[in-house]
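Asker: Quick one: structure below, then a few questions.
Nothing in this text is a laboratory measurement; each read-out follows from the coordinates by a stated rule. In this text, all values refer to a predicted model and were calculated from it rather than measured experimentally. Glycine also receives a Cβ, built like all others from the backbone with ideal geometry; neighbour counts cover every protein chain displayed.
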Amino acid sequence: MTRLFNAPADFPEELLEGFVAAYPRHVRAVRGGVVRAGRHDEVAVIAGGGSGHYPAFCGLVGAGLAHGAVVGNLFSSPSAQQAHSVGRAADAGRGVIFSFGNYAGDVMHFGRAAEQLSAEGVRAECVIVTDDIASASVDEMDKRRGVAGDLVVFKVMGAAAAEGWDLDDVVRVGRHANDRTRSLGVAFSGCTMPGAREPLFAVPEGMMSVGLGIHGEPGIYDIEIPTADGLAELFVSSLLSERPAGHDGRVAVVLNGLGTVKYEELFVVFRRVHRLLSDAGLTVVDPDVGELCTSLDMGGASLTLVWLDDELERLWTAGANAPAYRKGNLPQDAAGPAVGEAPGEIERGPAVPLATAQSQELAARVHSLLGVLAETLVEAADELGRLDAIAGDGDHGIGMERGSRAALAAATTALHAGAGAGTLLQSAGEAWSDKAGGTSGMLWGVALGALGETIGDRHGPDAQRVADGVADARAQIMAVGKAELGDKTLVDALVPFSETLSAHIAERMPLVDAWAAAAASATAAAEATAALSPRRGRARPLAHKSIGTPDPGAVSLALITRRIGAALAVASDTPAEQN
């Protein structure tokens, strides 16, 4: 288990602080992650994802590799704000490429950051890694997760950028590398989040879980632990099943330890991997064996194969010099003024728009409800994490706690600055998304922002405006997250909540009563998700393990609506009682 930490919630920030202190010649800190310490004049390749995977992602920042890394919370995607900050800091005027594993939160946040940079005149693209063969079939490769193959794609693009390639060509070769990369992982034991009493999943004694995810997701199925040779045979036979037709027989190989499998064990496995590949007529080119993409203290390993061509081989074997990864004799970046923002740049919040006295009074009441929301999620964090760990990565509870606390803090600042209800909600939404990251962080940020935009800063209590704001939030969440009813997401609880609320408000029911009825609908719908098979998100590859357990996103939304409803009922003078 993870034993060395202070406050669990501070773990990501403190590990990044220590990393920067340990490698000042390689990296410097910027908001959201790190960038190279020295100057460069290349297309900027930005690696990114959650914490807990070192040396991915910050350990791969250096000459011939990544130009920056966006570092999120444990096993949770960074926020769009973090990615935007690192992208601005790393850009040398030739554009930015964000590269990351194929997870819903990463896709949403990095995609939004790329859009923001493009709107500011900085060319920005995304290259998504989809190497995990266990997470989807060949016919649905776009749904596959990114695991240790991240390293290959980052390395190839970093080498191409170092040669002076333009952005379009670096993107092309990165996507080509992803198309030629396949990985499979296994676990003997689950990993334990800092402060947690139990691992995210357990493997029965004497068994091995096949097809795990690097965010603590359990495998697709369990088998008896084989010998080292038996594991090598499983790895190689599984990956060779997707060998491209007509491939000339040269492969890059990455045998990766996921946290507690030791190098000596990996070498025993690799000796057999090498023989099996040779027997299959393949030539191994510049292999890597070691911890390259971990999952905290997970006991496990993965094998990655890259079907090389001349271009990919040259870029794979090119020199690199990063804190946790080196090839050849490439020197560090030249010293000198770094590009982008200064490490100590002062962040200034947006000016607070003028608001009516009615809206300022409503803002105070909304602030109180956000306090109820945050208290609710702090109390429920462990249970929400437990639900999420059954078929996901177990971070939903802590992500919701972080997000709601950040939202409350931002709302407090906005309230003291004289903000109206709309601005206060939008500020809270921005802070939630930024602090929580992940899919839920993005979606709750969108929800609060949409609600705030509809309520505005000119009006007092208005039940119809609240119902319209919830409907707008529903529409924007479905547009951003692409989820529909039946996908086993928070949408399954949100849609009935919104529809019930709007229907009762249209009948002139007081909002306190309409909200209670809507919360009951959301709760019933959340409970009904237990029978569904997930079609989106990190639970999708483990759909069979999810059946019988309700979706944690739907559960948390229903819980929030109930607690808010109870608070509205208690406050006899709340705006929620008025039409």
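Asker: Counting pairs of alpha carbon atoms under 8 Å apart in space and at least six apart in sequence, what relative contact order in percent does the stretch 156-310 give?
Answerer: Working: 287 pairs, mean separation 45.5, N = 155.
The value is 29 percent.
Asker: Suppose the chain between Asp179 and Asn329 were pulled fully straight at 0.36 nm per residue; how much longer would it get relative to their current alpha carbon spacing? Display every interim value, and only then the final one.
Answerer: On the way: separation 150, 0.36 × 150 = 54.00 nm, distance 2.85 nm.
Result: 51.2 nm gained on full extension.
Asker: Here's a follow-up. Search the structure for amide H atoms under 5 Å from the amide H of Leu74, placed 1.01 Å from N in the peptide plane, and list their residues when 5 or more places away or on another chain.
Answerer: Sorted by chain and number, the residues that satisfy this are Ser51.
Asker: Each residue of the stretch 149-157 in order: what ³J(HN,Hα) in whole Hz does its phi give by Karplus 6.51 cos²θ - 1.76 cosθ + 1.60, θ = phi - 60°, with x for Gly and Pro?
Answerer: With coefficients 6.51, -1.76 and 1.60, one gets x, 3, 4, 4, 5, 4, 5, 5, 5 Hz.
Asker: Can you tell me the relative contact order of the chain? Whole percent, Cα pairs under 8 Å, sequence separation 6 or more. Kindly include the intermediate steps, with their values, before the conclusion.
Answerer: On the way: 1388 pairs, mean separation 79.8, N = 579.
Result for the chain is 14 percent.
Asker: Could you please rank Val268, Val186, placing first whichever residue has the fewest other Cβ atoms within 10 Å of its Cβ?
Answerer: Working: Val268 15, Val186 26.
Starting with the residue having the fewest Cβ neighbours, the order is Val268, Val186.
Asker: I would also like to ask the following. Three principal axis extents, largest first, for the C-alpha atoms of the stretch 38-100, in Å?
Answerer: 32, 22, 17
Asker: Now for a separate question. What's the extension gain from Leu4 to Ala417 if we count 0.36 nm per residue and subtract their Cα-Cα distance? Intermediate results must be reported in sequence, preceding the final value.
Answerer: Values: separation 413, 0.36 × 413 = 148.68 nm, distance 3.95 nm.
My answer for the length gained is 144.7 nm.
Asker: Return the distance in nm (one decimal) between the two label points of a simple spin-label model at Asp279 and Glu379, each offset 7 Å from Cα along Cα→Cβ.
Answerer: 6.1 nm
Asker: Moving to a separate point now. Just to confirm the number: angle between the C-alpha axis of helix 552-570 and the first principal axis of the chain, 0 to 90 degrees, nearest 10?
Answerer: It works out to around 20 degrees.
Asker: Return the long-range amide H neighbours of Val129 (sequence gap of 5 or more, or a different chain), with a cut-off of under 5 Å between placed amide H atoms.
Answerer: The list, which skips near neighbours in sequence, is Phe100, Gly101, Asn102.
Asker: Next up: Taking one equal scatterer on every alpha-carbon of the stretch 411-521, how large is log10 of I(q)/I(0) by Debye at q = 0.17, 0.19, 0.21 1/Å?
Answerer: -0.84, -1.01, -1.15
Asker: Quick check: from the Cα gyration tensor, does the stretch 1-40 come out rounded (a/c under 1.5), prolate or oblate?
Answerer: Values: a/c = 3.85, a/b = 2.32, b/c = 1.66.
The shape class here is prolate.
Asker: Taking 1 over the mean of 1/r across every pair of different Cα atoms in the chain, what Kirkwood radius in Å do you get?
Answerer: Numbers: mean 1/r = 0.0409 Å⁻¹.
Averaging 1/r across every pair of different Cα atoms and inverting gives 24.5 Å.
Asker: What percent do you get for the relative contact order of the stretch 357-577 when only Cα pairs under 8 Å and 6+ apart count?
Answerer: Numbers: 426 pairs, mean separation 47.5, N = 221.
Reported as a whole number, the value is 21 percent.
Asker: Karplus couplings for the stretch 85-92 from phi (6.51 cos²θ - 1.76 cosθ + 1.60, θ = phi - 60°), rounded to Hz, Gly and Pro as x?
Answerer: 4, 5, x, 4, 5, 8, 5, 10
Asker: What's the FRET efficiency of Ala245 with Ile547 using the Cβ-Cβ distance as r and R₀ = 60 Å, to the nearest 0.05?
Answerer: Numbers: r = 37 Å, r/R0 = 0.62.
FRET efficiency, Ala245 to Ile547: 0.95.
Asker: Can you pull out the GluC sites (Glu not before Pro) in the stretch 462-566 whose DSSP state is coil and whose Cβ has at most 14 other Cβ atoms within 10 Å? Display every interim value, and only then the final one.
Answerer: Numbers: sites: Glu484, Glu499, Glu507, Glu527; in loops: Glu484, Glu507.
Sparse-neighbourhood loop GluC sites (Glu not before Pro): Glu484, Glu507.
Asker: Keeping to pairs on different chains or 8 or more places apart, tell me how many lysine pairs in the chain have Cα atoms under 22 Å apart.
Answerer: On the way: Lys143/Lys482; Lys143/Lys488; Lys143/Lys545; Lys155/Lys327; Lys262/Lys327; Lys488/Lys545.
Summing the qualifying lysine pairs gives 6.
Asker: Roughly how many debye, to the nearest 20, is the charge dipole of the stretch 145-204 about its Cα centre, given +1 on each Lys and Arg Cβ, -1 on each Asp and Glu Cβ, and no other charges? It would help to have the intermediate numbers written out before the result.
Answerer: Details: 7 positive and 7 negative charges, 63 e Å.
So the magnitude is around 300 debye.
Asker: Report the convex hull volume per residue for the stretch 133-230, counting only C-alpha atoms, in Å³. Each step should come with its number before you reach the end.
Answerer: Numbers: hull volume 14.1 nm³, N = 98.
Output value, Cα hull per residue: 144 Å³.
Asker: At a Förster distance of 41 Å, what's the computed FRET efficiency of Asp166 paired with Ala528, Cβ-Cβ distance as r, to 0.05?
Answerer: Details: r = 51 Å, r/R0 = 1.26.
That pair, Asp166 with Ala528, gives E of 0.20.
Asker: Please rank Glu224, Glu17, fewest neighbouring Cβ atoms within 10 Å first, as an exposure proxy.
Answerer: Glu224, Glu17
Asker: Quick one: what are the phi-derived ³J(HN,Hα) couplings along the stretch 178-188, Karplus 6.51/-1.76/1.60 with θ = phi - 60°, whole Hz, x for glycine and proline?
Answerer: Couplings: 4, 4, 9, 10, 9, 9, 8, x, 9, 9, 9 Hz.
Asker: For the stretch 357-577, with only Lys/Arg (+1) and Asp/Glu (-1) charged at the beta-carbon, what is the dipole magnitude about the Cα centre, in debye rounded to 20? Please report the intermediate quantities before stating the final value.
Answerer: On the way: 18 positive and 26 negative charges, 98 e Å.
That gives the stretch 357-577 a dipole magnitude of about 480 debye.
Asker: Once you have the Cα-Cα distance between Glu205 and Asp139, take 0.36 nm times their residue separation minus that, and quote the gain in nm to one decimal.
Answerer: Working: separation 66, 0.36 × 66 = 23.76 nm, distance 3.43 nm.
Result: 20.3 nm gained on full extension.
Asker: Let me ask something additional. Helix-derived [θ] at 222 nm for the chain: sum -39500 (n - 2.57) over DSSP H runs of at least 4, divide by residue count, nearest 500? List each step's numbers first, then the result.
Answerer: Values: 17 runs with 269 residues, N = 579.
Counting only the DSSP helices, I get -15500 deg cm²/dmol.
Asker: At a Förster radius of 22 Å, what calculated FRET efficiency corresponds to the Cβ-Cβ distance of Tyr263 and Glu233, to the nearest 0.05? The partial results should precede the final answer.
Answerer: Details: r = 21 Å, r/R0 = 0.94.
It comes to 0.60.
Asker: Another question about this same structure. Just the C-alpha atoms of the stretch 357-577: what Rg/Rh do they give, with Rh taken as the Kirkwood radius?
Answerer: 0.96
Asker: Hey, another quick one. Using per-residue counts of other Cβ atoms within 10 Å, averaged over each peptide, order 419-431, 191-203, 227-239 from highest down. Intermediate values should be presented prior to the final figure.
Answerer: Values: 419-431: 28.2, 191-203: 19.8, 227-239: 18.2.
Packing order, densest peptide first, comes out as 419-431, 191-203, 227-239.
Asker: Still on this structure, I have one more. Under a point-charge model restricted to the Cβ atoms of Lys and Arg (+1) and Asp and Glu (-1), what is the dipole moment magnitude of the stretch 59-131 relative to its Cα centre, in debye to the nearest 20?
Answerer: Values: 4 positive and 6 negative charges, 28 e Å.
Once rounded to the nearest 20, the dipole reads 140 debye.
Asker: Positive end of the charge dipole of the stretch 357-577 (Lys, Arg +1 and Asp, Glu -1 on Cβ, about the Cα centre): tell me which of Val512, Gly403, Thr549 has its Cα farthest that way.
Answerer: Thr549
Asker: Same structure again: Provide, in order from the shortest bin, the percent of all Cα-Cα pairs of the stretch 8-320 in each 10 Å bin, continuing until the bin that contains the maximum pair distance.
Answerer: Histogram of Cα-Cα distances, whole percents per bin: 6, 29, 36, 22, 6, 0.
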